[in-house]
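For reference, the structure discussed in these notes is given below.
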Amino acid sequence: MANNSAYKIDFNRPTIVGKELYYISQAIHNGHSAGDGAFTKKCHKFLEEALGVPKVLLTTSCTDALEMCALLLDIVPGDEVIVPSFTFVTTINAFVLRGAKPVFVDIRPDTLNLDETQLEQLITERTRAIVPVHYAGVGCEMDAICAIAAKYGIAIVEDNAHGLFGKHKGKYLGTFGTFATQSFHETKNFICGEGGAVLINDPLYLERAEIIREKGTNRSRFFRGQVDKYTWVDIGSSFLPSDILAAFLYAQLEARTEIQTKRQNIWNFYHENLQDWAESCSVRLPIVPSHCDQSFHMYYLLLPSLEARSGLITHLKERGILSVFHYLPLHLSDMGQKFGGKPGDCPVTEDVSDRLLRLPFYNDLSEADQSYIVKAIMEFEPSHIPMAT
């Protein structure tokens, strides 16, 4: 696939791996290119069988999947939702839209996941949900999180945008909570441009999830012949992606092994070839606990300082390589401060946010390009960057 970027090596590049274009033509010729067509059903079945979950429903984005979860939990003004400050805005915005107050929790310094040891002290009688984010596709400490949630009768909504097919202690990420959400945005392992899915792990929510996803109607039951007409029965919205997008996604899912193998090789190449440089320059590489099978979603560096990170970004840019930072602390954002967030609330998040740098990572990133990236990184010495005064 041609690279039309201004960079020699871009940060991300969506790739075609198999029958994407053929399946799109099939979706059009099937005469059903709107939502819940043949390829949508194929994606549902593939994910349900692969993950062993009761129900998967494709959505137009991971954001929409999270908004569905907020509707399913009947979130109302005054409810509280615990969320890591180090995540994308939609992780919490989906609940704020329903009137919830975000309660920000800091992250662990090793995996950069929600710090489960801080959870219990944040729970109040108004806490309705805990939203762990499996950062970089490395699982949160779900045993502890699930035990705390069960103790207080609180729902878990896993934001698994990074972690499809990752595991925690042998169990797939996305299968621990009441619900989980997935992303198929073009920056993820499996893509369709824009897309997502909600995983319904509690069968009690199956029927209502279908209704909310279908604009608040019982249309799905009608098409299964369970009712002779469909009508408006609940609140809802239009969360269905086009079957054209599902066709593209299904081809990606079919190539699951090929995609994951390529990404594992890319991750391993970085990890093996940057070890010595990282150690000599006080740079920390990603930490993956032995009980976690990661999804190989990204590769990042934790530089010694903000100045060192900025210096490396510039250094790589001068060599035609685009590297990027990641999340800014949500509790310090304009909206976060309106909810009471202030400096010092999540010190690990505040520190990591200043120092983390993500390297180019996409399915057809060649070993030659990776070698070029690694060589460029190894020419950089963070200690030569002056510290801010």
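Data table
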| item | result |
| --- | --- |
| Selection from the range 4-30 of residues that are touching a Pro at 6+ places or on another chain (Cβ under 9 Å) and acidic (Asp, Glu) | Asp10 |
| Members of the range 120-144 that are among the aliphatic types (A, V, I, L, M), surrounded by fewer than 21 Cβ atoms within 10 Å (Cβ to Cβ) and in contact with a helix residue (DSSP H, G or I) (Cβ under 9 Å, 6 or more places away or on another chain) | Ile123, Ala144 |
| Residue identified as of a type in the set (Ser, Thr, Tyr), under 18 Å from the mean Cα position of the chain (by Cα), outside any helix (DSSP H, G or I) and closer than 21 Å to Phe190 by Cα among Thr87, Thr63 | Thr87 |
| Residue identified as under 20 Å from Leu330 (Cβ atoms), hydrophobic (A, V, I, L, M, F, W, C) and not in a strand (DSSP E or B) among Cys140, Cys146 | Cys140 |
| Residue check, Glu272 of a type in the set (D, E, K, R) and part of a loop (DSSP other than H, G, I, E, B) | no |
| Subset of the range 2-54 that is at pLDDT below 95 and on the phi > 0 side of the Ramachandran plot - its residue that is farthest from the chain's Cα centre (by Cα) | Gly31 |
| Number of positions in the range 333-348 that are part of a helix (DSSP H, G or I) and in contact (Cβ under 8 Å) with a residue 24 or more places away in the chain | 4 |
| Matching entry among Val288, Val233 (being at pLDDT 95 or above and surrounded by fewer than 22 Cβ atoms within 10 Å (Cβ to Cβ)) | Val288 |
| Selection status of Arg309, surrounded by 15 or more Cβ atoms within 10 Å (Cβ to Cβ), among the charged types (D, E, K, R), within 30 Å of Glu258 (Cα to Cα) and touching a residue at least 12 places away in the same chain (Cβ under 8 Å) | no |
| Candidate set from the range 1-58 (those that are in a loop (DSSP other than H, G, I, E, B) and among the charged types (D, E, K, R)); member that is surrounded by the most Cβ atoms within 10 Å (Cβ to Cβ) | Asp36 |
| Matching residues in the range 269-285 - criterion: being under 18 Å from Thr111 (Cβ atoms) and either surrounded by fewer than 19 Cβ atoms within 10 Å (Cβ to Cβ) or not hydroxyl-bearing (Ser, Thr, Tyr) (or both) | His271, Ala278, Val283, Arg284, Leu285 |
| Candidate set from the range 317-357 (those that are in contact with a helix residue (DSSP H, G or I) (Cβ under 9 Å, 6 or more places away or on another chain) and among the basic types (Lys, Arg)); member that is surrounded by the most Cβ atoms within 10 Å (Cβ to Cβ) | Arg355 |
| Matching option when the condition is in contact with a helix residue (DSSP H, G or I) (Cβ under 7 Å, 6 or more places away or on another chain), modelled with pLDDT of 95 or more and over 16 Å from Ala70 (Cβ atoms), among Leu204, Leu240 | Leu240 |
| Any hit, the range 99-115, residues being of a type outside the set (Gly, Ala, Ser) and under 30 Å from Ser242 (Cα atoms) | no |
| Some residue of the range 95-102 being over 15 Å from Glu158 (Cβ atoms), among the small types (Gly, Ala, Ser) and in contact (Cβ under 8 Å) with a residue 12 or more places away in the chain | yes |
| Answer from Gly344, Gly320, Gly311 - the residue that is among the small types (Gly, Ala, Ser) and in contact with a Pro (Cβ under 9 Å, 6 or more places away or on another chain) | Gly311 |
| Single match in Phe296, Phe380, Phe361 (criterion: in contact (Cβ under 8 Å) with a residue 40 or more places away in the chain, surrounded by 18 or more Cβ atoms within 10 Å (Cβ to Cβ), in contact with a Cys (Cβ under 9 Å, 6 or more places away or on another chain) and part of a loop (DSSP other than H, G, I, E, B)) | Phe380 |
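The values are calculated or read from the model by the stated rules, or taken from the named source; none is laboratory data. These figures come from a predicted structure and were not determined experimentally. Positions of Cβ are generated from backbone atoms using ideal geometry, with glycine treated the same way; all protein chains shown enter the neighbour counts.
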